[in-house]
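Asks: Mind looking over this structure? Questions follow.
The values are calculated or read from the model by the stated rules, or taken from the named source; none is laboratory data. Small disclaimer: the values here were computed from a predicted structure and weren't measured. Every residue, glycine as well, gets a Cβ built from its backbone with ideal geometry; the counts of neighbours run over all protein chains shown.
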Amino acid sequence: METMMILVRQILQMFLLAGLGYLLFRGKKITAEGSKALANILIYLSLPAVIINGFLVDRTGEHLLGILWSGAAAAALLLLSILISRLIFRRDAIASFASSFSNPGFFGIPLIIAFLGQESVFYVACFIAFLNVGQWTYGVSILTGQPIRQGFQLKKLIRAPFIIAILIGLFLFLTQLRPPQLLQSCLTTVAGLNTPLSMFTVGVYLAQADIPRMIRRRQLYLVAFSRLLLIPAVSLLLLTLLPASLYSMKMALLLAISCPVGANVAVYAQLHGKDYAYAVETVVVSTLLSILSIPLVTMLAGFIW
């Protein structure tokens with residue numbers, strides 16, 4: 001019960017931060033251009049720092065086994081998420097994209113750290129990598145109607161900040177080398193920006209949404225149901241098949257797959273000339289409803305596991 005209260009408090013704190021982002025945008029203290037700058041800090045500095053920090057653990061047999069299991073489980077969960085979303089939203093590319101891909105980097109990692117501790121970030125590195133690959137390939141394919149191979153650029157993927165961070169983290173984990181104390185302290189400080197900046201960005205999205213229209217749009221609730229309840233429930237059953245000794249890994253992955261719609265659906269919709277406002281609304285509605293769904297899914301997992 002105590003750990004559950006920690007999770008609930010963390011979610012409430014994140015929504016308070018989103019509220020501050022909303023007020024700053026409405027008060028014209030953050031502009032649309034300013035929110036893009038915040039997103040760049042998140043993508044190029046904060047999230048990579050969080051990922052690298054997650055790999056600064058001892059190279060034990062348990063951790064080696066955990067990363068192998070987590071990689072295989074992450075691939076299975078994402079494929080399952082894509083399949084379920086495709087079946088439900090065959091004629092709605094934005095809804096299919098939104099339902100398929102959660103927001104583990106900006107939304108999930110703060111919850112994982114609060115609920116399981118910093119070391120458990122280690123278990124979602126593969127999930128974040130596979131998710132971003134899926135967005136850049138399958139996600140772009142369904143938005144544009146082009147074959148996956150046409151939109152896939154390996155060089156661009158390798159240069160992505162999260163991939164570089166994972167490679168650095170893996171190197172540090174396997175070699176057990178550690179950055180100098182000053183650099184490690186700096187990494188921790190930059191990683192600490194992840195939660196406030198990501199939630200400020202969510203608040204900016206909320207401030208740009210047409211709330212009356214958004215509330216009346218039924219499709220958004222179907223997207224939220226699929227992303228927040230259906231996919232996590234099926235994922236929970238799949239993760240139950242794994243050994244009980246992998247509890248931290250299973251819970252970290254469950255939190256990652258249970259997160260609301262990732263903000264990249266709006267980024268890619270805007271980039272490819274699709275319905276940007278609709279994409280933003282899938283992010284906002286699912287994020288607001290996740291305050292109820294994530295504790296529910298986590299409690300269910302606690303009863304089963």
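Asks: With Ser235, Ser185, Ser245 as the choices, which residue is within 30 Å of Phe122 (Cβ to Cβ) and under 18 Å from the mean Cα position of the chain (by Cα)?
Replies: Ser235 is the lone residue from the list that is within 30 Å of Phe122 (Cβ to Cβ) and under 18 Å from the mean Cα position of the chain (by Cα).
Asks: From the list Leu17, Leu47, which one is farther than 16 Å from Ile257 by Cβ, crowded, with 17+ Cβ neighbours inside 10 Å, at pLDDT 90 or above and of a type outside the set (Ser, Thr, Tyr)?
Replies: On inspection, the qualifying residue turns out to be Leu17.
Asks: Here's something else I'd like to know. Only one residue in Leu241, Leu255 is closer than 28 Å to Arg59 by Cβ and assigned to a helix (DSSP H, G or I). Which one?
Replies: Leu255
Asks: Tell me the residue from Leu80, Leu64 that is surrounded by fewer than 19 Cβ atoms within 10 Å (Cβ to Cβ) and free of Cβ contacts under 8 Å to residues at least 24 places away in the same chain, please.
Replies: Result: Leu64 is the single residue among Leu80, Leu64 that is surrounded by fewer than 19 Cβ atoms within 10 Å (Cβ to Cβ) and free of Cβ contacts under 8 Å to residues at least 24 places away in the same chain.
Asks: Filter the stretch 66-93 down to residues that are out of contact with any helix residue (DSSP H, G or I) (no Cβ under 8 Å at 6 or more places or on another chain), part of a helix (DSSP H, G or I) and of a type outside the set (Gly, Ala, Ser), then give me how many there are.
Replies: Qualifying residue count for the region: 4.
Asks: Condition first: buried (at least 16 other Cβ atoms within 10 Å of the Cβ), acidic (Asp, Glu) and closer than 23 Å to Thr195 by Cβ. Can you find one or more residues in the stretch 107-129 that meet it?
Replies: Scanning the stretch 107-129, I find at least one residue that is buried (at least 16 other Cβ atoms within 10 Å of the Cβ), acidic (Asp, Glu) and closer than 23 Å to Thr195 by Cβ, so the answer is yes.
Asks: Then there is this: Here are some residues: Val202, Val223, Val190, Val285. Which one is closer than 27 Å to Ile43 by Cα, assigned to a helix (DSSP H, G or I), modelled with pLDDT under 90 and of a type in the set (A, V, I, L, M)?
Replies: Val202
Yes/no per residue for (1) in contact (Cβ under 8 Å) with a residue 12 or more places away in the chain; (2) touching a Leu at 6+ places or on another chain (Cβ under 9 Å):
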position	(1), (2)
Thr195	yes, yes
Val202	yes, yes
Leu222	yes, no
Leu230	yes, no
Leu237	no, no
Gly262	yes, yes
Pro295	yes, yes
Phe303	no, no
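Asks: Output the residue which, of all residues in the stretch 279-297 that are among the polar types (S, T, N, Q) and buried (at least 23 other Cβ atoms within 10 Å of the Cβ), is farthest from Val261 (Cα to Cα).
Replies: Ser290
Asks: With the structure loaded, tell me whether Phe127 is touching a residue at least 12 places away in the same chain (Cβ under 8 Å), out of contact with any strand residue (DSSP E or B) (no Cβ under 6 Å at 6 or more places or on another chain), part of a helix (DSSP H, G or I) and not basic (Lys, Arg) or whether it fails that test.
Replies: yes
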